[in-house]
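Read the structure below first, then the notes.
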Amino acid sequence: IVDYDKERLALAQKYVYYVLDYSEVDVRKKILNITGGRMSETIVHMPQSGLPFGQALSLAGNNGRVAIAGWENTADMNGINVAPILNRQLVVKGINGSCNNFPAAINMLVNHTVDVEFDKLPVVGFNEVASIFSGHGDYNQKFIYSKVIMD
């Protein structure tokens, strides 16, 4: 999670491993270090965050995905350099269909209505991985998070 708001970063720290304050750290350099030079597979850019869209693009790795969330009436695409999109073959999508449900979604996270405790996921052996993924149907465009122990 990349943000500058201390309160949001403190909340995010409960759910994700890496929380970066872009007012205090060189985010691109830190992500480069964390990923071993690959950069991020997925970026969700929120124009309201204040992070420039061009900087969000610079954080995505080759063949990465970039989502612009909540962009209606907020995203100014003038002057955006599209070279990172073309050079790294990024897929860019707009997400704007929440019907202003962001406060409700945040409320569900805060009140633990939704289980996002990744450490409670089942741990499976390498030979069982296929069975875990086959139980999720056709999710070829989505991520499924599971721990895998190599035996």
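A few notes on this one:
- Chain lengthening between L32 and L9 when straightened (0.36 nm per residue, less Cα-Cα): 6.3 nm
- Fully extending the segment from N107 to A67, taken as 0.36 nm per residue of separation minus the present Cα-Cα distance, adds 12.2 nm.
We did not get these values from a lab; they are worked out from the coordinates using the rules stated. The shown structure was predicted, so the numbers you read here are calculated from the model rather than taken from an experiment.
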